[in-house]
Amino acid sequence: MTQTPNPQPRTSDAPARIFLLDDHEVVRRGIKDLLEVEGEFEVVGEASTAAEALARVPALRP
């Protein structure tokens, strides 16, 4: 049996950096608005396809 490591609790006051991937712009916009109103999250990028996400994520480092 393989154990999954427990995620470490966030120790920084900086917002979590999020990258959104969904093929519907309206869905991405709604999720972004919900996340950013919380103040604990920062949407650093978006993509509508996996190929776009794979191209953008390395530079954005979510």
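So which residues in the stretch 15-62 are of a type in the set (G, A, S) and touching a Phe, Trp or Tyr at 6+ places or on another chain (Cβ under 9 Å)? Can you show your working first?
Our first condition is that a residue be of a type in the set (G, A, S); within the stretch 15-62, this holds for 16, 30, 39, 45, 47-48, 50-51, 53, 55, 59.
Scanning the stretch 15-62 gives A16, G45, A47, A53.
Can you tell me which residue within the stretch 34-62, out of those that are surrounded by 10 or more Cβ atoms within 10 Å (Cβ to Cβ) and among the charged types (D, E, K, R), is nearest to H24 (Cα to Cα)? Before you say what the answer is, go through the steps one by one.
So in the stretch 34-62, the residues surrounded by 10 or more Cβ atoms within 10 Å (Cβ to Cβ) come out as 34-36, 40-50, 52-57, 60, 62.
Adding the requirement that they be among the charged types (D, E, K, R) leaves 36, 40, 42, 46, 52, 56.
On the way: E36: 18, E40: 24, E42: 19, E46: 11, E52: 14, R56: 18 Å.
Here the answer is E46.
Quick note: the coordinates plus some simple rules give every number you see, no bench work behind them. Because the structure is a prediction, the values reported are computed rather than measured. Because the Cβ atoms are built from the backbone with ideal geometry, glycine has one as well, and the counts that use them run over all protein chains shown.
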